[in-house]
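Engineer: One structure is given below, represented as structure tokens, and several questions about it will come after.
The values are calculated or read from the model by the stated rules, or taken from the named source; none is laboratory data. Remember, it's a predicted structure, so these values are computed and weren't measured experimentally. Heads up, the Cβs are rebuilt from the backbone with ideal geometry, glycines too, and the neighbour counts pull from every protein chain shown. Ligands, DNA and RNA are excluded from the accessible area calculation, which covers all protein heavy atoms including side chains. Shrake-Rupley method; radii C 1.70, N 1.55, O 1.52, S 1.80 Å.
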Amino acid sequence: MGNSAATIEKLFERIEQYSKTSFELYKYSAIYETAALFSSLAVKLIMTLIVFIVVLLFTVALSLWIGDMLGNTAYGFLIMGMFYIVVGTVIYIFRKEWIETQVSNSVINSFNIEKTPKSTDENY
């Protein structure tokens, strides 16, 4: 009787150790995934900022050049403003396909989550 009680006690100790180890593993896995997500977002934010600055400077230069060609600087800025209104309207119209879907897919891929989970009953 004493032998089976010791075996059961040892089994409970192993179960407890297994649960603590599993919890630690999930905790570190969540920390790793969160850090990977934030570092990816930081890189994308910095790259977006750089692209924004380049586009802004290019737009000012192009506006000045167009204005110089037309003889009035204001016309250059007006033409570039109209161009960006057209671009903004097109992006707004297609925002679902071009932006929202891409961002959703990117977040899903960063967490390695499948869009359609596989059934666990495939082997039965």
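Engineer: If you roll a 1.4 Å probe over the heavy atoms of the protein chains, what accessible area per residue do you get for the chain, in Å²?
Structural biologist: I get 88 Å² per residue for this part.
Engineer: How big is the convex hull of the Cα atoms of the chain, per residue, in Å³?
Structural biologist: 136
Engineer: Given a cut-off of under 8 Å on Cα pairs at least six residues apart, what relative contact order in percent is computed for the chain?
Structural biologist: After rounding, I find 13 percent.
Engineer: Between V90 and Y18, how high is the FRET efficiency from 1/(1 + (r/R0)^6) when r is the Cβ-Cβ distance and R₀ = 41 Å? Nearest 0.05.
Structural biologist: 0.15
Engineer: What percentage of the solvent-accessible surface of the chain, computed with a 1.4 Å probe over protein heavy atoms, is contributed by carbon and sulfur atoms?
Structural biologist: 71
Engineer: Rolling a 1.4 angstrom probe over the protein chains, ignoring ligands and nucleic acids, what is the accessible area of L56 in square angstrom, nearest 10?
Structural biologist: 90
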